[in-house]
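J.: So that we are looking at the same thing, I have put the structure below in structure tokens.
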Amino acid sequence: MAERTTTLELLINGESRVVAFPTHHTLLEVLREECGLTGTKHGCELGECGTCAVLVDGQPVLSCLVLAAQMSGREIETVEGLQEGNRLHPLQQTFADLNAAQCGYCTPGILMTAKALLADNAHPTRDDIREALSGTLCRCTGYHKILQAVEGAAQLAAGEEWTPAADSLHGATPPDRGSE
Amino acid sequence: MAEPSDGKQRDESLDLPGRHIGQPFRRVDGRAKVTGTTRFADDLHFPRLCHLKLVRSTLPHARIKAIDFSSAADVPGYLGSLTGRQMPHPFGILPVSEDEHALCIEKVRYVGDPVAAVAATSEEAAYEAALRVEVEYEPLDTIDGIDTALAADLDRIHDYGDGNNIHKKVSMRFGDLEAGFAEADLELEDTLFYEGNTHLAMEQHATVAVAEDEDRVTVYSSTQTPHYVHRALAKVLELPPSRIRVIACSNGGGFGGKSDVFNHEIVAAKMALELGRPVRITLNREEIFYCHRGRHPTLMHLRTGFKKDGSMTAQHLRTALDGGAYGSYGVASTYYTGALQTVTYDLPRYRFDGVRCFTNKPPCGPKRGHGTPQPRFGFEVHLDKAAEKLGIDPADLRLRNLAEPGSVTANWLQLGTIGLRRCIEAVVAGSGWRERYGRLPHGRGLGLACGSYLCGAGLPIYWNHMPQSGVQLKLDRSGGVAVFCGEAEIGQGSDSVLAAVVAEVLGIDLADIRLCVADTDLTPVDLGSYSSRVTLMVGHAAHQAAERARKLIAQAVAKRLEVPRERLIFAERRVFDAADPEKGLSFEDAVTVAEAKWGTLGTTGSYIPPRAPGKYRGAGVGPSPTYSYSAAVVEVEVDPETGLYRPDHVWIAHDIGRSINPVLVLGQVEGSVYMGLGEAMMEEQAFRALPRHLSSALVHKTPSLLEYKSPTFHDMPPVTSYLIEDPDPQGPFGAKEVGQGPLLPVPPALANAIYDAVGVRIDQVPIQPQMILKALDEKSRGRQARYGPKVFPEVDFGEILRVLTPAEGGDGHALNEHGEKKAHGMSGADGTMSSRDEALKDKDGAVTTK
Ligand code: FES
Ligand code: FES
């Protein structure tokens, strides 16, 4: 197969680098293979699971569906750029504390999508969060802890205090009337 | 070094309340997961890495006539190929059904069965070369389901098994069933069906194999069971196990789907050894649907006798499993469809007949709940119907029938603590069951169900006398503790359990611990992340290793401080005198003192489950150190016009014994509810024949994440979770399992809720709106208000194994199993328990909870 290659300056997490890659390669492939940024994951490579989401000019994009060759002059953000120095981003803190990342495989895509949501809407309702994240599948968590974690991160990002609700850490306390 | 005795004798009453155990803490791998730095198998990169692709069968059942690589070899970048003839040894996860080859040799048995492999310098080139491999087939009969498998005159998929395309037949009777039915005031029969479904872990299976030398290879893989992969590799590659290193990378979800040994793992290793360079293969999503090893489609028939007061007198369960094309875990799965029917409620007499068929579909295997969600669905729907007939509230029917803690069941399972009463009471109270059940407006309903699961299978998959879990500690003057263990982190949080147990016993922080896990070269064997065994077994082994380290340190510190050893407390990263807390050493200094006294410090811990009382053939499946219990109430809204329905809320209570880390426990509970709802509402691993002009091949109906429906953010209702703590002496710190049990009550609770809402019984899952409509239509015509299978096939189950129950004065042996050769190989299912005594006698030092 005669492969055409493209050489492009890519701006990833605020750093620009010149990358050469087969022209038909997706952004997902180029991030993972050519750039070694394996934080971005894939569950289908067909645009069906949301796992590979990254931000392009601040908007969530499925990196398995776009070509890296289209990324000239665009600002790409991946999970590797989410931390603030050696400190976790509020989303990362709340996801880690609530066990909203179990196997952690869907997590990078969800974190990036949630970041875009919070940039747009600093105080999203639970329905807003559901809607924003509904293109992503998570097989481990049942989604609840993810919703709670995004809510917590919104509070932290707004400079508010965040303490996880007791029942999100310990479970609920049953009301006292169940016997025969 | 003096051999420290089992540390369990230590007086633990002096310990400070758990700093880690029972507290919600950030999982030890939490930061790596949220920063994207966890290394999954596909994330690994090595210089000169090349790419592997499998050529998969396009026919469901055929003889292989010829394989031609000539055109494939022309692809630029092509490096080499393999066929099955280069790997002639069969393998299989269970010693009784080693019926797979790394690449098919004579026959293919399902669409997707791998026949050849090619490697190339790029993934595209490998793909292109694989497409160009030409395979000539001679088609055979397609066995498309249980009925065709039972037919006598079709081509056989395998030449072993229990006849025709029957893989395994089981028939066992515990107690005088007819006497039980004769006592009954009500006899109820039901036929139900549970469709197959798949794990759908988000991570695509990946393996990277690196040749270290001409006869040494390292295999990195997304596997839940590195130890079993190691064994299979040694066998097929014909290498001593010491030349093979298997490292299980963190799994991007498992759910049982990565607990088998896969063709691609073996082929990658072989190719790496052939080419002398690193080889990677990552399956695409369609291939994963075809690798499968998921839930067996299961047809069930239940017949149960009840007394007026709701107590049960006898039950006869029959199951028929569509096993797919290979054995996989299927023998164990077949037994599991019967084994745990007795651990929830008092069932004095019980008969189980099961049959597993070979069909030309991807092999089924273990998925969360392994073989038990199907009969659990059957049983709990059946109980709901019985409650109505008997005029007893479904919650009360269950409360009246609870199994006795510490008792031995009719099929000889030793029960431990049972928190089920409190579970039922919690979901009943939380859901307002007493005020609302049966009283909600038409179209809205509540349903209740319970479940129970193993806390680790009592026996290993292959017969051996060794520990099922081992942990090693290395301590030195840095104060850091390195923990080595073969366990595999699949997202469930096993690393955190391991670290928390060690930190708790030594009174140090989680950050003082460095883990090295799931590496067959470096870590002591743990059998893997399956059967909900890790918290219990790894927990015990870690506890023992840590107690031994603690004892060494305490002896040295006691001497140095001139304090009686029993008075030393390990907490807050210090070792100090209980009577004078000021008097003490930092943990770092304490280890230094111990290292000076004893030399280089290292301890081990291991665990073997207790001996089970059953001795009959098949008694190896079902025993567990203890069992977890769950109860759920689902509230549903059903539109009688369209059949569309929506679960509005789920209340679930789980008997966890004691939480090691409640936030991780909740994650498992919520994840199980989610997966149970997926199975109950939409998930189907189902097949169809292609049109004749396209070969008529039997193919997956929905082999993509888009078409295979699974619950999204929008489908998931609110869940209220109650953790019921009743520490079990069999568990480390009292802990039980949580990864699988909470899935079990969810599907039947949904079916029962739909009945409460609109008065129709849907006796199969997934429950589709058109089934509800159909049943409503039947109801309006005055016919049975039900949708579901009508008949269970005629199967000759052969001679029934007859076992007296404990109440009948039995001894755990079968009455009609005289002098049969004891099966040692397949101890997980077929093996007897008779050699357990001996096995345990040899054990010095392993924790065996008694
Ligand atoms: S990998 Fe891109 S959407 Fe699934
Ligand atoms: S955390 Fe495992 S898929 Fe979401």
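The values are calculated or read from the model by the stated rules, or taken from the named source; none is laboratory data. Note that this is a predicted model, so its numbers are computed, not measured. Cβ: placed from backbone, ideal geometry, glycine included. Neighbour counts: every protein chain shown.
J.: Restricting to the stretch A:83-117, give me the number of residues that are at the interface with chain B (Cβ under 7 Å from one of its Cβ atoms), over 20 Å from B:CYS249 (Cα atoms) and touching a Ser or Thr at 6+ places or on another chain (Cβ under 9 Å).
T.: 5
J.: Separate question: State all residues of the stretch B:465-495 that are of a type in the set (Gly, Ala, Ser) and more than 15 Å from B:ALA546 (Cβ to Cβ); if no residue qualifies, say none.
T.: Restricting attention to the stretch B:465-495, the residues satisfying the condition of being of a type in the set (Gly, Ala, Ser) are B:469-470, B:478-480, B:482, B:486, B:488, B:491, B:493-494.
Once the filter is applied, which keeps residues that are of a type in the set (Gly, Ala, Ser) and more than 15 Å from B:ALA546 (Cβ to Cβ), the stretch B:465-495 yields B:SER478, B:GLY486, B:ALA488, B:GLY491, B:GLY493, B:SER494.
J.: Still on this model: Filter the stretch B:455-490 down to residues that are small (Gly, Ala, Ser) and not in a loop (DSSP other than H, G, I, E, B) and give me whichever is nearest to B:SER586 (Cα to Cα).
T.: First, pick out the residues of the stretch B:455-490 that are small (Gly, Ala, Ser): B:456-458, B:469-470, B:478-480, B:482, B:486, B:488.
Okay, now just the ones that are also not in a loop (DSSP other than H, G, I, E, B), so B:469-470, B:482.
Values: B:SER469: 31, B:GLY470: 28, B:ALA482: 18 Å.
Once the filter is applied, the top-ranked residue is B:ALA482.
J.: Let me ask something else about it. Name the one entry in B:GLY667, B:GLY643 that is among the small types (Gly, Ala, Ser), buried (at least 24 other Cβ atoms within 10 Å of the Cβ) and either out of contact with any strand residue (DSSP E or B) (no Cβ under 9 Å at 6 or more places or on another chain) or within 14 Å of chain A (Cβ to nearest Cβ) (or both).
T.: Numbers: B:GLY643 fails: buried (at least 24 other Cβ atoms within 10 Å of the Cβ).
Step by step, each of B:GLY667, B:GLY643 is checked, and only B:GLY667 is among the small types (Gly, Ala, Ser), buried (at least 24 other Cβ atoms within 10 Å of the Cβ) and either out of contact with any strand residue (DSSP E or B) (no Cβ under 9 Å at 6 or more places or on another chain) or within 14 Å of chain A (Cβ to nearest Cβ) (or both).
J.: While we're here: Go through the residues of the stretch B:689-700 one by one and say whether even a single one is among the hydroxyl-bearing types (Ser, Thr, Tyr) and more than 10 Å from every other protein chain (Cβ to nearest Cβ). Write out each step before concluding.
T.: Here is the first cut: in the stretch B:689-700, the ones among the hydroxyl-bearing types (Ser, Thr, Tyr) are B:695-696.
Applying the additional criterion that residues be more than 10 Å from every other protein chain (Cβ to nearest Cβ) yields B:695-696.
Checked against the condition, which is being among the hydroxyl-bearing types (Ser, Thr, Tyr) and more than 10 Å from every other protein chain (Cβ to nearest Cβ), the stretch B:689-700 yields at least one hit.
J.: Can I ask one more? Could you tell me whether any residue of the stretch A:65-73 is within 15 Å of ligand 1 (Cβ to nearest atom) and either in contact with a Pro (Cβ under 8 Å, 6 or more places away or on another chain) or touching a residue at least 60 places away in the same chain (Cβ under 8 Å) (or both)? Quick ask: steps written out before the conclusion?
T.: If we filter the stretch A:65-73 for residues that are within 15 Å of ligand 1 (Cβ to nearest atom), which is where we start, we get A:65-68.
Among the residues that remain, those that are also either in contact with a Pro (Cβ under 8 Å, 6 or more places away or on another chain) or touching a residue at least 60 places away in the same chain (Cβ under 8 Å) (or both) are: A:68.
Within the stretch A:65-73, one or more residues are within 15 Å of ligand 1 (Cβ to nearest atom) and either in contact with a Pro (Cβ under 8 Å, 6 or more places away or on another chain) or touching a residue at least 60 places away in the same chain (Cβ under 8 Å) (or both).
J.: Let me ask something else about it. Test of understanding: among A:LEU82, A:LEU55, A:LEU46, which residue is away from ligand 2 (no atom under 16 Å from the Cβ), in contact (Cβ under 8 Å) with a residue 60 or more places away in the chain and closer than 25 Å to B:LYS33 by Cβ? Explain how you work it out, then say what you get.
T.: Working: A:LEU82 fails: in contact (Cβ under 8 Å) with a residue 60 or more places away in the chain; A:LEU46 fails: in contact (Cβ under 8 Å) with a residue 60 or more places away in the chain.
Testing whether each residue is away from ligand 2 (no atom under 16 Å from the Cβ), in contact (Cβ under 8 Å) with a residue 60 or more places away in the chain and closer than 25 Å to B:LYS33 by Cβ leaves just A:LEU55.
J.: I need the full set of residues from the stretch A:100-113 which are touching a residue at least 12 places away in the same chain (Cβ under 8 Å) and within 16 Å of ligand 1 (Cβ to nearest atom), in order please.
T.: Correct list: A:CYS103, A:TYR105, A:CYS106, A:THR107, A:PRO108, A:GLY109, A:ILE110, A:LEU111, A:MET112, A:THR113.
J.: Looking at the stretch B:524-591, what strands (runs of 3 or more DSSP E) fall wholly within it and have at least 1 residues that are buried (at least 23 other Cβ atoms within 10 Å of the Cβ)?
T.: Details: elements: B:568-571, B:574-577, B:580-586.
Output list reads B:568-571, B:574-577.
J.: Continuing with this model, one more query. Can you tell which of A:GLY135, A:GLY152, A:GLY159 is of a type outside the set (Asp, Glu), surrounded by fewer than 24 Cβ atoms within 10 Å (Cβ to Cβ) and under 16 Å from the mean Cα position of the chain (by Cα)? Walk me through it before giving the result.
T.: Numbers: A:GLY152 fails: surrounded by fewer than 24 Cβ atoms within 10 Å (Cβ to Cβ); A:GLY159 fails: under 16 Å from the mean Cα position of the chain (by Cα).
Matching residue, one of A:GLY135, A:GLY152, A:GLY159: A:GLY135.
J.: Here's a follow-up. Identify the single condition in (1) within 27 Å of A:TYR105 (Cα to Cα); (2) over 19 Å from the mean Cα position of the chain (by Cα); (3) more than 16 Å from ligand 2 (Cβ to nearest atom) that B:PRO240 does not satisfy, given that it satisfies every other one.
T.: Checking B:PRO240 against (1) within 27 Å of A:TYR105 (Cα to Cα); (2) over 19 Å from the mean Cα position of the chain (by Cα); (3) more than 16 Å from ligand 2 (Cβ to nearest atom), the one that fails is (1).
Conditions (1) small (Gly, Ala, Ser); (2) in the same structural domain as A:THR136 (by TED's automatic domain parsing); (3) at pLDDT 95 or above; (4) part of a strand (DSSP E or B), marked per residue:
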site: A:LEU37; (1), (2), (3), (4): no, no, yes, no
site: A:THR40; (1), (2), (3), (4): no, no, yes, no
site: A:CYS44; (1), (2), (3), (4): no, no, yes, no
site: A:GLU48; (1), (2), (3), (4): no, no, yes, no
site: A:THR51; (1), (2), (3), (4): no, no, yes, no
site: A:VAL54; (1), (2), (3), (4): no, no, yes, yes
site: A:VAL61; (1), (2), (3), (4): no, no, yes, yes
site: A:LEU65; (1), (2), (3), (4): no, no, yes, no
site: A:GLY73; (1), (2), (3), (4): yes, no, yes, no
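J.: Something else about it: What is the residue count in the stretch B:163-181 for residues that are modelled with pLDDT of 95 or more and within 29 Å of the chain's Cα centre (by Cα)?
T.: At the first step, the residues of the stretch B:163-181 found to be modelled with pLDDT of 95 or more are B:165-181.
So of that shortlist, the ones also within 29 Å of the chain's Cα centre (by Cα) come out as B:165-174.
Qualifying residue count, the stretch B:163-181: 10.
J.: Moving on. Quick one: would you say B:GLY330 is farther than 27 Å from B:PHE181 by Cβ and in contact with a strand residue (DSSP E or B) (Cβ under 9 Å, 6 or more places away or on another chain)? Spell out the reasoning first.
T.: On the way: farther than 27 Å from B:PHE181 by Cβ: yes; in contact with a strand residue (DSSP E or B) (Cβ under 9 Å, 6 or more places away or on another chain): yes.
So B:GLY330 passes the test.
J.: Under 9 Å by Cβ, and 6 or more places apart or on different chains, what pairs join a residue from the stretch B:461-481 that is surrounded by 21 or more Cβ atoms within 10 Å (Cβ to Cβ) with one that is assigned to a loop (DSSP other than H, G, I, E, B) and of a type in the set (Lys, Arg)?
T.: Close Cβ pairs (under 9 Å, with a partner that is assigned to a loop (DSSP other than H, G, I, E, B) and of a type in the set (Lys, Arg)) amount to B:PRO467/B:LYS843; B:GLN468/B:ARG533; B:SER469/B:ARG533.
J.: Check whether at least one residue in the stretch B:709-725 is more than 10 Å from chain A (Cβ to nearest Cβ) and polar (S, T, N, Q), and report yes or no.
T.: no
J.: Shifting gears a bit: Any idea which of B:GLY30, B:GLY7, B:GLY36, B:GLY18 is at pLDDT below 95, within 14 Å of chain A (Cβ to nearest Cβ) and either under 30 Å from the mean Cα position of the chain (by Cα) or farther than 30 Å from B:THR218 by Cα (or both)? I'd like the intermediate steps shown before the answer.
T.: Details: B:GLY30 fails: at pLDDT below 95; B:GLY7 fails: within 14 Å of chain A (Cβ to nearest Cβ); B:GLY36 fails: at pLDDT below 95.
Residue meeting the stated conditions: B:GLY18.
Residues are listed down the side, and each one gets a yes or a no for (1) within 14 Å of another protein chain (Cβ to nearest Cβ); (2) modelled with pLDDT of 95 or more; (3) in contact with a Cys (Cβ under 7 Å, 6 or more places away or on another chain):
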site: B:ALA248; (1), (2), (3): yes, yes, no
site: B:LYS258; (1), (2), (3): yes, yes, no
site: B:ARG277; (1), (2), (3): no, yes, yes
site: B:ILE288; (1), (2), (3): yes, yes, no
site: B:GLY294; (1), (2), (3): yes, yes, yes
site: B:LEU302; (1), (2), (3): no, yes, no
site: B:TYR326; (1), (2), (3): no, yes, no
site: B:TYR329; (1), (2), (3): no, yes, no
site: B:LEU340; (1), (2), (3): no, yes, no
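J.: Another question, then. Any residue at all in the stretch B:281-293 that is over 17 Å from the mean Cα position of the chain (by Cα), part of a strand (DSSP E or B) and over 19 Å from B:GLU380 (Cα atoms)?
T.: Scanning the stretch B:281-293, I find at least one residue that is over 17 Å from the mean Cα position of the chain (by Cα), part of a strand (DSSP E or B) and over 19 Å from B:GLU380 (Cα atoms), so the answer is yes.
J.: Would you check if A:ARG4 is at pLDDT below 95, exposed (fewer than 14 other Cβ atoms within 10 Å of the Cβ), more than 15 Å from the chain's Cα centre (by Cα) and away from ligand 1 (no atom under 12 Å from the Cβ)? Give the derivation first.
T.: Working: at pLDDT below 95: yes; exposed (fewer than 14 other Cβ atoms within 10 Å of the Cβ): yes; more than 15 Å from the chain's Cα centre (by Cα): yes; away from ligand 1 (no atom under 12 Å from the Cβ): yes.
Answer is yes for this residue.
J.: Here is a follow-up. Among the residues of the stretch B:306-314, is there at least one that is closer than 30 Å to B:ALA125 by Cα and touching a residue at least 60 places away in the same chain (Cβ under 8 Å)?
T.: Step one: filter the stretch B:306-314 for residues closer than 30 Å to B:ALA125 by Cα, giving none.
The answer is no, given that none of the residues of the stretch B:306-314 is closer than 30 Å to B:ALA125 by Cα and touching a residue at least 60 places away in the same chain (Cβ under 8 Å).
J.: For the stretch A:118-131, does any single residue satisfy the condition of being surrounded by fewer than 24 Cβ atoms within 10 Å (Cβ to Cβ), touching a residue at least 24 places away in the same chain (Cβ under 8 Å) and either within 11 Å of another protein chain (Cβ to nearest Cβ) or within 16 Å of ligand 1 (Cβ to nearest atom) (or both)?
T.: yes
J.: Still on this structure, please answer the following. Residues to consider are A:GLU45, A:GLU33, A:GLU29; find the one that is at positive phi, within 11 Å of another protein chain (Cβ to nearest Cβ) and within 15 Å of ligand 1 (Cβ to nearest atom). Give the derivation first.
T.: Values: A:GLU33 fails: at positive phi; A:GLU29 fails: at positive phi.
So the residue among A:GLU45, A:GLU33, A:GLU29 that is at positive phi, within 11 Å of another protein chain (Cβ to nearest Cβ) and within 15 Å of ligand 1 (Cβ to nearest atom) is A:GLU45.
J.: Pull up the stretch B:624-637, narrow it to residues that are of a type outside the set (Gly, Ala, Ser) and buried (at least 24 other Cβ atoms within 10 Å of the Cβ), then point me to the one that is farthest from B:LEU402 (Cα to Cα).
T.: To start, the set of residues in the stretch B:624-637 that are of a type outside the set (Gly, Ala, Ser) comprises B:625-627, B:629, B:633-637.
Imposing the further condition that a residue be buried (at least 24 other Cβ atoms within 10 Å of the Cβ) reduces the set to B:625-627, B:629, B:633-636.
On the way: B:PRO625: 19, B:THR626: 16, B:TYR627: 13, B:TYR629: 11, B:VAL633: 17, B:VAL634: 21, B:GLU635: 24, B:VAL636: 26 Å.
For the stretch B:624-637, the residue satisfying everything is B:VAL636.
J.: Out of everything in the stretch A:48-60 that is surrounded by 22 or more Cβ atoms within 10 Å (Cβ to Cβ) and among the β-branched types (Val, Ile, Thr), what residue ends up being nearest to the other protein chains (Cβ to nearest Cβ)? First the steps, then the outcome.
T.: The initial filter retains those residues of the stretch A:48-60 that are surrounded by 22 or more Cβ atoms within 10 Å (Cβ to Cβ), namely A:49-55, A:60.
Those left that are additionally among the β-branched types (Val, Ile, Thr): A:51, A:54.
On the way: A:THR51: 6, A:VAL54: 11 Å.
Ranking the candidates gives A:THR51 first.
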